[in-house]
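Here is the structure we will look at, set down as structure tokens.
The values are calculated or read from the model by the stated rules, or taken from the named source; none is laboratory data. Computed from a prediction, not measured in an experiment: that's the story for all the values here. FYI the Cβ positions are ideal-geometry reconstructions off the backbone, even for glycines, and counts take in every protein chain you see. Calculation scope for accessible area: heavy atoms of the full protein, side chains included, ligands and nucleic acids excluded. Shrake-Rupley method; radii C 1.70, N 1.55, O 1.52, S 1.80 Å.
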Amino acid sequence: MLPRHILRVDQFSRGDLLQLLAHSAEMRRVVAAGGDKRLDGKILATLFFEPSTRTRLSFESSMLRLGGNVISSESAEHTSSAVKGESIEDTIRIVEAYADAIAIRHPLAGAAETAASVASVPILNAGDGPREHPTQALLDLYTIYDELGRIDDLTVALVGDLRFGRAPRSLAMLLTRTENARVLLVAPPGIEMSGDVLAYMETHGVAWEQLHDLEEALPRADVIYMTRVQKERFPSVESYRRVSGSYRLGSEHMKLLGENAIVMHPLPRVDEIDTLVDADPRAAYFRQARNGVYIRMALLDLLLGPRLLTA
Amino acid sequence: MLPRHILRVDQFSRGDLLQLLAHSAEMRRVVAAGGDKRLDGKILATLFFEPSTRTRLSFESSMLRLGGNVISSESAEHTSSAVKGESIEDTIRIVEAYADAIAIRHPLAGAAETAASVASVPILNAGDGPREHPTQALLDLYTIYDELGRIDDLTVALVGDLRFGRAPRSLAMLLTRTENARVLLVAPPGIEMSGDVLAYMETHGVAWEQLHDLEEALPRADVIYMTRVQKERFPSVESYRRVSGSYRLGSEHMKLLGENAIVMHPLPRVDEIDTLVDADPRAAYFRQARNGVYIRMALLDLLLGPRLLTA
Amino acid sequence: MLPRHILRVDQFSRGDLLQLLAHSAEMRRVVAAGGDKRLDGKILATLFFEPSTRTRLSFESSMLRLGGNVISSESAEHTSSAVKGESIEDTIRIVEAYADAIAIRHPLAGAAETAASVASVPILNAGDGPREHPTQALLDLYTIYDELGRIDDLTVALVGDLRFGRAPRSLAMLLTRTENARVLLVAPPGIEMSGDVLAYMETHGVAWEQLHDLEEALPRADVIYMTRVQKERFPSVESYRRVSGSYRLGSEHMKLLGENAIVMHPLPRVDEIDTLVDADPRAAYFRQARNGVYIRMALLDLLLGPRLLTA
């Protein structure tokens, strides 16, 4: 059913997603019951050519919770044969001799597809540069599903850096698989959502509008998806200071947000959500991080597990 | 019984310590019998924001010997979201989604307590800057217990850098939980034991005296606890050279040491114990390193294991 | 039967090798059957004081395929107590408290022997500087055995950097344990095979000749063993360019190679084998990488496993 490699969000049909969400919910029950042994004897290699402790540990925890094993390279950019000029293709052809699946993180756009083009084992894209980070988008959708009980009829506000942030781009694309979605775009000038994603949403029937104000979005949204606005995107510290305050969520904003709405963030956070918000039950971002384990377990199980158990 | 997080030595009452020492002895038997599966399905995360291969591998070996699993960050200071400005609190709230316990090492004093203040899983302090390294102190006490058969009525000589070394400070504090302890302090001028620890010993009934000579301490001590005197602590290489020789243990000193006494060292050693001493049966420092596994197994088992087995 | 530590290729008699090759073939069947639990409860420490993701992951995969566990230091040169001046001997005496075997990689020639001189657990040399990398040589021999069905009556062409490359040196030495071997040496001036290895082959009855041309070797060889010619070995980029082309294998060369011959390479490859060659069934280098798992499983099993199972 599922694609053989997990590379991009546009690989997933609505049917795939519904299956995956249901299977992730099952994985949550597996963890609550103390884990499982269905991937006993299987090995996942995590090959990180760019640091990301959080994503790596999430993949590794997912594999272990299902009884599998892990081999890992935390800083492959310094320690692997890539230093000597080895191609990604060669690296994969070697590492697939050691593992039953490979989660790869690489600074180069398209690196995961290159890996998949030669791999005889499943490749899981754990982020390839500015391009894709599909498991993040999938866990975001699962979080919505788990928190709100549905993936349809949603108004989702994407806030912050919508141009360079992979997470809001991917979530916007994934929302085209849901019904009757509306996306509110709240970004500083210069880092608005790019035209290709806007066109993709339009083609697939997702309504969108650009707002200037977080305050405007709050009362209307089912989901506030915050992201970090990085200083480096701005021509001067001045121009950064002028806008960044408008894209920070404080506890005063929570009064404007609907009772059943949630706040999400791909994390890490710096100061774009005040820590005072953390105690609010609608602050879903730490639960969201936890959901990464369930989604990755579901993917690993569907890719590697015995079919009978995963049907 | 035990505290929920292992943060400081002063958390442990005499009763706690006696329980822990007995449980560590039990863990030694578990290892001798080829390990155990009582933590099957549990995951320990080792988050090291400062390098320490030895401490990390000791924690990881302890978890594996009990049938548990490990996820690990060897250089979290370079690879984790801390680089992007994430707080320790946020890091912990995310990693606790991946693991059942977290061993953290951090250069900042108090980092482990900060971690524990938000954690829903047990935090084990694997060293927070100059402050505390409680599992080192506990394995030191276990070594004394295992080697000498008792923790009371001891004369312990602490030798070397007593100001900046965490290990002798913590051991001195832990000795307040034993009866009738006497501490001999042998340190170069400028790096003597600091006043707070002297006061703490006094308040809790531990007798101490300052000696100038290692030779003076040797015939009186049940335990010689050596530590490294670092060049960097001295104003000049000259002044370092003048004193450092007096805090080195050579094979000639072993004649002055009692037949049933032992030599300990938190390791790594550079040249403060002559390698000729290694063959002496009273040289306990490599056995001491091994005891780290038993103490950490005991802690992990008491924190994570089924209560029935650990009672 | 086997040596207690795996340090150098000259430790292995012909009888040892035949046993090891047979056991590696058995390990291939174990992997095909989904792995095994015969090293359940055992721990392998991989201590890498020099980066080599490929070798480290191969050792770790081998241990996991047999049901064992792994503790690992990817960059021990930065994170271990070696930074503080600890000797290799002390490091080993500590790490052996955490593991049942230690695979060590170190930039210093002889480091593995130093480790073995104090170790109470088996040491596996995963490469000690320019000196030895015995598991590479053993997997090379296993590849020949597996691909050609024999280790005797072979003509092996070693091509490229024969002076500084550990792999061709070690393979040449290992061929002295086979019968009726002939070695063709094809190297640029200045980096020819060194005299000690030539003498060793002569003493042990291996015929060798030096050729100037890869083309000359191709029709005669059962095995073409390619290695990388590194720019840094040459006095100028000019002189490198002049020769390097003659030591590259392109698809045009494959017509000159015998139908049953194979091409090997220790990898990583940069451009010394054209990627067009990869699809040729005689291109054995990726299968060779895979064989590293079987050889290392065989060694770990023979060193750590229950004797009955490994007889």
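Here are the numbers for this structure:
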{"item": "Relative frequency of Cα-Cα separations exceeding 17 Å in segment B:1-81, percent", "result": "60 percent"}
{"item": "Filtered GluC sites (Glu not before Pro), segment A:140-249: DSSP coil and at most 16 other beta carbons within 10 Å", "result": "A:E179, A:E192"}
{"item": "Cut-off under 5 Å, modelled amide H: who pairs with C:I273 long-range", "result": "C:L249"}
{"item": "Other-chain or far-sequence residues with amide H under 5 Å of B:I262's (modelled H)", "result": "B:V223, B:I224"}
{"item": "Relative contact order of chain C, pairs being alpha-carbon contacts under 8 Å that are 6 or more residues apart, as %", "result": "19 percent"}
{"item": "Residue-by-residue Karplus 3J(HN,Hα) for segment B:228-242, coefficients 6.51, -1.76, 1.60, Hz, glycine and proline x", "result": "7, 9, 8, 3, 4, 7, 9, x, 8, 4, 3, 5, 5, 4, 4"}
{"item": "Under 29 Å from the Cα of B:K42 - lysines, other chains or at least 8 residues apart", "result": "A:K37, A:K42, C:K37, C:K42"}
{"item": "Span from the segment A:1-65 Cα centroid across to the segment B:246-277 one, whole angstrom", "result": "52 Å"}
{"item": "Threshold 30 Å², segment A:63-92 residues less accessible with all protein chains present than alone (1.4 Å probe)", "result": "A:L64, A:R65, A:N69, A:I71, A:S72, A:E74, A:T79, A:S81, A:K84, A:E86, A:D90"}
{"item": "Shielded residues, segment C:262-282 - accessible-area loss of 40 Å² or more between chain alone and all protein chains, probe 1.4 Å", "result": "C:P268, C:R269"}
{"item": "Inter-site label distance for C:V243 and B:R233 at 7 Å from Cα along Cβ, in nm", "result": "5.5 nm"}
{"item": "Prolate/oblate/rounded call for the protein assembly as shown, Cα gyration tensor, a/c under 1.5 rounded", "result": "oblate"}
{"item": "Overall form of segment A:32-181 per C-alpha gyration tensor (a/c, 1.5; a/b vs b/c)", "result": "oblate"}
{"item": "Scattering curve values for chain B, log₁₀ I(q)/I(0), Debye with Cα scatterers, q = 0.12, 0.14, 0.15 Å⁻¹", "result": "-0.81, -1.08, -1.21"}
{"item": "Out-of-range pairs (alpha-carbon distance over 32 Å; input B:K255/C:K84; C:K84/C:K231; C:K231/C:K255)", "result": "C:K84/C:K231"}
{"item": "3J(HN,Hα) from dihedral phi, segment A:149-154, Karplus parametrisation 6.51/-1.76/1.60, rounded to Hz, x for glycine, proline", "result": "x, 7, 10, 9, 6, 10"}
{"item": "Rg/Rg_globular for segment A:263-308, with Rg_globular taken as 2.2 N^0.38 Å and Rg from C-alpha atoms", "result": "1.59"}
{"item": "Whole-number accessible area per residue in Å² for chain C, which is evaluated in the context of all protein chains at 1.4 Å", "result": "36 Å²"}
{"item": "Residue-averaged beta-carbon neighbours from other chains (10 angstrom radius) around C:40-53", "result": "4"}
{"item": "Given charges at beta-carbon only (K, R positive; D, E negative), |dipole| of the protein assembly as shown in Debye", "result": "1080 debye"}
{"item": "Dipole-positive endmost among A:G250, A:G195, A:L141 within chain A (Cβ charges, Cα centre)", "result": "A:L141"}
{"item": "Convex hull volume of segment A:77-164 per residue (C-alpha atoms, cubic angstrom)", "result": "141 Å³"}
{"item": "From the C-alpha gyration tensor of segment B:134-289, square roots of 5λ in Å", "result": "22, 19, 14"}
{"item": "Residue (of C:T227, C:A283, C:P51) at the positive-pole extreme of chain C, dipole from beta-carbon charges", "result": "C:P51"}
{"item": "Integer Hz, Karplus 6.51/-1.76/1.60 couplings in order for segment C:43-51, x for Gly and Pro", "result": "10, 9, 9, 9, 10, 10, 8, 6, x"}
{"item": "Simple spin-label estimate for B:L18 and C:R14 in nanometres, 7 Å along Cα-Cβ", "result": "6.9 nm"}
{"item": "Residue list for segment B:195-219, given a label point 7 angstrom along the Cα-to-Cβ vector of B:N180 and an amide N cut-off under 17 Å", "result": "B:205-208"}
{"item": "Cβ charges +1 (Lys, Arg) and -1 (Asp, Glu), total dipole of segment B:155-311, debye", "result": "540 debye"}
{"item": "Placed amide H near A:I43: partners under 5 Å, 5+ positions off or other chain", "result": "A:N69, A:D100, A:A101"}
{"item": "Trypsin sites (Lys or Arg not before Pro) restricted to DSSP loop in segment A:1-109 with at most 13 other C-beta within 10 Å", "result": "A:R4, A:K37"}
